[in-house]
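Contents: one structure, followed by commentary.
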Amino acid sequence: MDKPSLLPLLDARLPLTEEGIAEAARLAGVPLAQAWGVVRYYPRYRGLPQGRLLVDDPVARARGFARLLEGADGTHPPLGLEALSPIHVRIEGRERYVEYQGHRVPFREFRLPFHLGHGERLLPPEPILDLAAYERIGGLQALRSLLGGRLSPHDLIQAVEEAGLLGRGGAAFPTHIKMRAVAQGEAPKYLVVNADESEPGNFKDRFLLEHHPFLVLEGALLAALATGASRIFLYVREEFEAAMLGLEKAVAELKEAGLLPVPTEVFRSGGLYICGEETALLESMEGKRAEPRLKPPFPVEKGLWGRPTLVQNVETLASLPVILKEGPRAWRQREPKLFSISGDVARPGLYELPLGTPLGEALRRAGAELGEIQAVLLGGAAGVFTKDLAFPLRYRERLPLGAGAMVAFGKEVDLWEVLLGLAQFFREESCGKCFPCPLGTAVQVEMVRRRERSKALLQDLAQTLKGSLCGLGQSAYWAYASLLEVEGAA
Amino acid sequence: MRTTCPYCGVGCQVEPTVKEGRIVQVLAPDIPPNHGALCVKGRFGLDFPFSEKRLLYPLVRESRREPFRRVSWEEALDFVASRLLAVLRRRGPEALAVFPSAKTTNEEVYLAQKLARVLLGTNHVDHCSRLCHSSSTAALSRSLGGASMTNPIEDIWKTDLFLVVGSNTTETHPVIGAMIKKRVRQGARLIVVDPRYTGMAEAATLWLRPHPGTDLFLFNAMARYILEEGLWDQGYVEERTEGFAEWRASVEGYTLEEAERITGVKRENIALAARLYATTERAGAYWAMGLTQHTKGTATVQALVNLALLTGKVGKEGAGLNPLRGQNNVQGAGDMGGLPDVFPGYLRVADQGARRRFEGLWGVGLNPQPGLRMTEVFQAIPQVEAIYLIGEDPVTSEPYQDHLKAKLEALPFLVVQDILENETTPFAHVVLPAASFLEKEGTFTNTDRRVQRVRQILEPPGEARPDWWIIQELGKRLAQALGRPWTLYLGPEAIWEEVRQAIPEMLGGITYPRLEREGVRWPCPEEDHPGEAVLFQEGFNTPSGKARFIPVDFTPPAETPSPEYPLVLSTGRVLYHWHGGTLSRNSQLKEAYPELKVEVNPKDAERLGIQDGEIIQVVSRRGRIRARAWVTERTPEGVVYAPFHFAEAPANRLTLDALDPISRIPEYKVSAVRVEKLD
Amino acid sequence: MRLKVNGQPVEAQEGSLLLDVVDVPTLCHHPHTETQGLCRLCLVEVDGRLLPACATPAREGMEVWTDTDALRTLRKTLLEWLALTTDLSLAPELQDLLASYGADPGRWGALTVRKGSAPIRDNPFFLRDYAKCVNCRRCVDACGDGIMGVYALTLENRGLLAHPTTPLDRPLPETPCVFCGNCVQVCPTGALRPLGLEV
Ligand code: SF4
Ligand code: SF4
Ligand code: SF4
Ligand code: SF4
Ligand code: FES
């Protein structure tokens, strides 16, 4: 990647003027047309909404959305704050704050409260924010083995295969296959850490980044060394300002200690849900509108700037040091997964549970009264409503696990109101590149608004959205279809 | 219905939609050469036949003091015939000249030159390529024995390096320019040699900005560097060329150091360009007027030819020597013998065998003496007494305009046959209204030698008639009076059949039915021959079959800046207009670029205190024009650039009529001028 | 290379696209631009997966289904949604498709997102009428990577509000536009059309 990327050049020129845009385009070596297309795409260049904004997540939708809105100037897309929802943020100019416990906490200082985390293998006993602390809890052993030659890249990928690690970002693709493909590709190759967590209901990556950055970095370095990637990019959701600062500090510390074998940098995301889609993410890094690419080719063949690229979720990478520490077989026995649980439970938070835990059990851990639960939204916006509390939380089962979000809804909740929130979310986040998705998500909003229950219409909607270019459109109707099923089952 | 764009040599295929006698939309079919793409001229500029300046009726007058009279075709043609005959009887064939046009069809050019040679007995036949590419023609014919693009347009997709010299391709041959740029986006290299920062320079991977008129030095220095570094293609030079040793000695003095001093291009960049060109297997050279419109145009093209031979680039796919022809049918006008020294098929007038062939075909004895070139004919007025001018507007396009106007004033008889009133019509004795390309049948031959159909879509307005009909009718009258043979053709296809018969080795295989689907390239001797794409793969068209190195030496431009005229003026075209502007400025295009803008470098502007957009005067030893200044880095310091499309501010009032000694092309690219503020 | 289309054996040339061997409607694909895979009208089914025929190379032994009920539903619905949101009055080919798929846009209720905008007349040659634009991007690509390399067009906004615009939203004459009209030629809906056609 020799060319400077357009987005950071634009960021350096905020607030944007026409001259600033033209200059950024010139420096990035791209036509003004491309720069303008980018400026008219990402919210932070178009201009952020101002004032006191209600975070519009499924929890807020379940808690009397209309009433909540009364005290707000507008809404903000979900921010991984579901465990604290309903909650407001405030935006004044380019300064952004979370209104938390009666204080305005700037984004760059706001971390999810540590007490929300419950776990021991992926989650630390206390926030681990410096290298010494990380080493005290046994960190960096795998990296040192690899650097010391006691562990070969081949063995590492082998271990990942034996562990059977599936990608934790939602697609559940076997990690070792991607790693191997990149390892076999021709240099230069890249690793991109997908830290653009924006699926409503999920806050596991956010928590890891904010409280356990070295674990994520160690995992990333392991993967980079195993695949021969010559650079690591941490593509972090731009609202997670504290996480970005923490990561930058951690990278600097590793470098200082001579433990950064692969140059690593933080890339501020485009700030849209679609930026989490791996190819849209790459587009935005290349200074374009974050619109998913047609696949094939897959990023492992042609990724960033056309080079073989491993794009991997935060939690997936954080699992690597754990797998190597515990040994793949032992790890596999009780495969740890982070579940973000929110909504009508007594102790919303992040729970590390073995895969296979029944849904009801997970909710009970978070203090739910199972008898009071009407339904659970599993997996986020691209997820499903279910009342099957016996459902084992595992990949490749009847229901999609997504990235492991669960939002519980009590008996009083109007699920159509929640669904409307999801439908509007999809309509707002559709990139507009392919046809079925922008059209279908707009039609869907109208259908949900009028509580359309026609099976035939819904089926045609689903059939058509299925033909979308990327996962966003393809999954946009899941929640709707599942709600009708849940209603039917009632 | 499909036809061929009448503007530039790309020869784009167009499908105009006509509604109520107007063109409302132009689409491009998905066939060669343009495969669906067009430029603004083909897309939105085809409406000039509807201009108010359209000539609708034959007009005649005895002398320039009288007003024109509208007359019948009979009367007009009789009048022209009688006046031409009078000159012929009194002064002989050398006092007559016929100028067919690179805008008219092959059939019409063929017929016009036939009329001149068979009936008037004169070889004073020429067309405007004199003004653009005759330098290329001269150099290529001498070295290779053929004067056209050696490679087809499609080869752009196989080319890995483009050496584009003096061609503002994106504006003058926009569809080819777009193709080259796309190929560069796919990874090919583009080396642009041009004093101006053109669209091509912008797209270039390496841009060399030599001082105007110094390209020859640059090429010779590149060649010397290639020799020195051992990067040349020894096998190719030995097998396929001759004259190498003598030529090699001639480039000795062209060191990189000297080249940097003379051209102003950094020596590293000259070396880099040379190295890339020499070491890229598929490297094609493309050029246009920037190279040819100099007193040493022929020598400069020759230097480029030498460079290509040295590195083995001719006769190969994706490479070659590719002059981009300007006018839509400038290739065809040459092919059809619209030149003073050759018959159709470039067979020499002076060659007895060639004369025999045409004497046999036409049934008369032919004049063995090559005729004068267009610029020389004008200078020979009043020894030349009558000119039959078809589709040309020399007052706008020829250099040193005031001088030319004086000459035309002195010309005893001028026939102007055209579709629109232009700057030359006021000098005419007879004006003959011609049909436009939309109103007749025929063929054009584009820059890569593709013969393509022109199809009638509309009826001619008023009493306008196709050029071939007018020439044929005039010929009938002359033939009767002179008792010479003259065929009456049923139409353009019948004329084409005679052309096929005349030069079967070149066009024998190309028939009208074959052209129905898409154009066919020459040489195409048989009907089942696909048409040659890449020339000279086997051998060259020279007596020995080898290409010839010809030593050429650098000489400075004819007019160099002086304290009184400190700036260099270059003239040329802009995208929205065509040539003298007669067509394009009578179409929708005029709205996009309504007035003359002269490009001035910001440093010069500052020195002269000129603001962007200010009205200025450009003054040369020959005249002055007024124009709006466009202060821009596009033109280098010390050089002002003026498009020549504007009759009310004709850039060619300023230019010099110094000629290239071989091709007789005028030096349009370098004249000394000064710029004055208008107070 | 041999493959099966709707159960029938079909011969295909090496390097051809599925589109070259199947008969499906297309909208975003144009042979001279590089846009493909956007409109999804040309989707076909291969091994239970939906693939755009315009962007999928034919491969030996492929079994392709082009006209399943699911695909018919998808195309019909998509056309209905286009008709619902976009002025297709100058897109006769789309109108024919609507008719042949028995489309009934009304069944989805009202939605008029794109229809509102007024035509932009900012140059002497053609107008831009985005109420008729389906956002296929053929124009943007023709102007940029596909043909011209001029980059006088780009995209504005996201989702259903996305449509072509000029850099800095300037009138075309103030952009690098060279008025080649190649964008007009590739526009399938009449959203870009020559002024000559306006009376
Ligand atoms: S499905 Fe939606 S988000 Fe994905 S490419 Fe299509 S429009 Fe964009
Ligand atoms: S490139 Fe030349 S032939 Fe093609 S449309 Fe333009 S002017 Fe006509
Ligand atoms: S007319 Fe202008 S906008 Fe359209 S393709 Fe040509 S340059 Fe681009
Ligand atoms: S204007 Fe025409 S070509 Fe451009 S996106 Fe819209 S419909 Fe497609
Ligand atoms: S034509 Fe294939 S997706 Fe549009």
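Considering only DSSP beta bridges where both residues belong to chain A, give the percentage that are antiparallel (nearest 5).
55 percent
Taking a quarter of the surface of the Cα convex hull of the stretch A:286-365, what do you get in nm²?
8.5 nm²
Among DSSP bridges having both ends in chain B, what percentage is antiparallel? Round to the nearest 5.
Rounded to the nearest five, the antiparallel share is 45 percent.
Under a no-solvent Debye model with one identical scatterer per Cα of the stretch C:82-199, what's log10 I(q)/I(0) at q = 0.14 Å⁻¹?
-0.59
Could you work out the percent of alpha carbon pairs in the stretch C:1-67 separated by over 16 Å, rounded to a whole number?
38 percent
Can you tell me the Rg and the Dmax, both Å, for the Cα atoms in the stretch B:3-50?
Using the Cα atoms of the stretch B:3-50, the pair Rg, Dmax is 10.1, 30 Å.
Of all the C-alpha pairs in the stretch A:354-409, what % are more than 12 Å from each other?
The proportion of pairs with Cα distances above 12 Å equals 60 percent.
Mark the label point 7 Å from the Cα of C:D169 along Cα→Cβ and return the residues of the stretch A:10-28 whose backbone N is within less than 13 Å of it.
A:18
So how compact is chain B: Cα radius of gyration and Dmax in angstrom?
In Å, with Rg to one decimal and Dmax whole: 24.0, 71.
If I require 24 Å or longer along the helix axis, counting alpha carbons, and a Kyte-Doolittle average no lower than 0.0, what helices from chain B are left? Use full DSSP H segments.
B:73-91
At a temperature of 25 °C and a viscosity of 0.890 mPa s, determine how fast the protein assembly as shown diffuses translationally according to Stokes-Einstein, using the Kirkwood radius over alpha-carbon pairs as Rh; express D in µm²/s, rounded to the nearest whole number.
After rounding, the answer is 70 µm²/s.
Against the longest alpha carbon principal axis of chain C, how many degrees, from 0 to 90 and to the nearest 10, is the axis of helix C:69-85 turned?
Helix C:69-85 and the main axis of chain C meet at about 10 degrees.
Above 12 Å lies some portion of the pair distances; for the stretch A:142-185, what is it as a whole percent of all C-alpha pairs?
62 percent
Evaluate the distance, in nm, between pseudo-label points positioned 7 Å from the Cα of A:K295 and of A:Q459 along their respective Cα→Cβ axes.
Roughly 3.0 nm, to one decimal.
Quick check on packing: order B:533-539, C:83-89, B:498-504 by the mean number of other C-beta atoms within 10 Å, highest mean leading.
So the order, starting with the most tightly packed, is C:83-89, B:498-504, B:533-539.
What base-10 log of the normalised intensity I(q)/I(0) is obtained for chain A from the Debye formula, alpha carbons as equal point scatterers, at q = 0.07 Å⁻¹?
For chain A, the Cα-only Debye profile gives -0.35.
Under 16 Å from a point 7 Å along the Cα-to-Cβ line of C:D104: which residues of the stretch A:457-474 have their amide N that close?
Answer for the stretch A:457-474: A:457-461.
Find the Cα radius of gyration of the stretch A:115-330, compare it with 2.2 N^0.38 Å by division, and give the number to two decimals.
Normalised Cα radius of gyration, the stretch A:115-330: 0.93.
Order of C:190-198, B:169-177, A:444-452, B:156-164 by packing, highest average Cβ count within 10 Å first?
B:169-177, B:156-164, C:190-198, A:444-452
Quick check of the Kirkwood formula: for chain C, what is the inverse mean of 1/r over all pairs of different Cα atoms, in Å?
The Cα-based Kirkwood calculation yields 18.1 Å.
For the stretch A:415-489, what is the largest minus smallest coordinate of the Cα atoms on each principal axis, given in angstrom and ordered from greatest to least?
For the stretch A:415-489, the Cα extents along the three principal axes come out at 35, 21, 18 Å.
For C:D47 paired with B:F68, estimate the spin-label separation in nm (one decimal), with each label point 7 Å from Cα along the Cα-to-Cβ line.
Here the modelled spin labels are 7.4 nm apart.
Going down the table (A:K433/B:K182; A:K255/A:K325; B:K114/B:K476), which pairs top 19 Å between alpha carbons?
Pairs exceeding 19 Å: A:K433/B:K182; A:K255/A:K325.
Taking every pair of distinct Cα atoms and averaging 1/r, then inverting, what Kirkwood hydrodynamic radius in Å comes out for the stretch A:20-59?
Value: 12.1 Å, from the Cα pair sum.
Antiparallel versus total DSSP beta bridges in the protein assembly as shown: what percent is that, nearest 5?
Approximately 55 percent, going by the DSSP bridge assignments.
Report the FRET efficiency, 1/(1 + (r/R0)^6), for A:E92 and A:L69, where r is their Cβ-Cβ distance and R0 is 25 Å, rounded to 0.05.
After rounding to 0.05, the efficiency reads 0.80.
For A:H118, what is the net charge nearby, where nearby means another residue's Cβ is under 10 Å from its Cβ and Lys, Arg count +1, Asp, Glu -1?
Result for the neighbourhood of A:H118: 0.
How well do other chains shield peptide C:167-173, expressed as the mean number of their Cβ atoms within 10 Å of each residue Cβ?
The per-residue average across the peptide is 4.
So what is the orientation-averaged projected area of the stretch A:393-447, using the convex hull of its C-alpha atoms, in nm²?
Mean projected area for the stretch A:393-447: 5.3 nm², to one decimal.
With label points built 7 Å along Cα→Cβ from the Cα atoms of B:E281 and C:D23, find their separation and express it in nm.
Taking the simple label geometry, B:E281 and C:D23 are separated by 4.3 nm.
Expected output is a single nm value to one decimal: the length gained when fully extending between B:E229 and B:L488, i.e. 0.36 nm times separation in residues minus the C-alpha distance. What is it?
Roughly 87.0 nm would be gained on extension.
Positive end of the charge dipole of the protein assembly as shown (Lys, Arg +1 and Asp, Glu -1 on Cβ, about the Cα centre): tell me which of A:L215, B:G315, A:P296 has its Cα farthest that way.
Sorting the options by dipole projection puts first B:G315.
Taking every pair of alpha-carbon atoms in the stretch A:363-490, what share in percent sits in each 10 Å bin, from 0 to the bin with the longest distance?
13, 44, 33, 9, 0
Run lengths n ≥ 4 of DSSP H only: what is the helix-derived mean residue ellipticity at 222 nm for the protein assembly as shown, with -39500 (n - 2.57) per run over all residues, to the nearest 500?
Helix-only estimate at 222 nm: -9500 deg cm²/dmol.
Using a 10 Å cut-off on Cβ atoms, rank the peptides B:469-481, B:336-348 from the highest mean neighbour count down.
B:336-348, B:469-481
How big is Rg to Rh over the stretch A:46-139, alpha-carbon atoms, Rh as the Kirkwood inverse-mean-distance radius?
With Rh from the inverse mean 1/r over Cα pairs, Rg/Rh is 1.08.
Against the empirical 2.2 N^0.38 Å scaling, what ratio does the C-alpha Rg of the stretch B:134-323 come to?
Cα-based Rg divided by the globular estimate yields 0.92.
Averaged across B:17-27, how many Cβ atoms of other chains sit within 10 Å of each residue's Cβ atom?
Whole-number average of other-chain Cβ neighbours for B:17-27 is 3.
Within a 10 angstrom radius of each residue's Cβ in B:473-486, how many Cβ atoms of other chains show up on average? Whole number is fine.
Counting Cβ atoms of other protein chains within 10 Å of each residue's Cβ and averaging gives 0.
Coordinate-derived values only; no laboratory data. Everything numeric here is computed off the predicted structure, so don't read it as measured data. Neighbour counts are summed over all protein chains in view; Cβ atoms, including those assigned to glycine, are modelled from backbone coordinates with ideal geometry.
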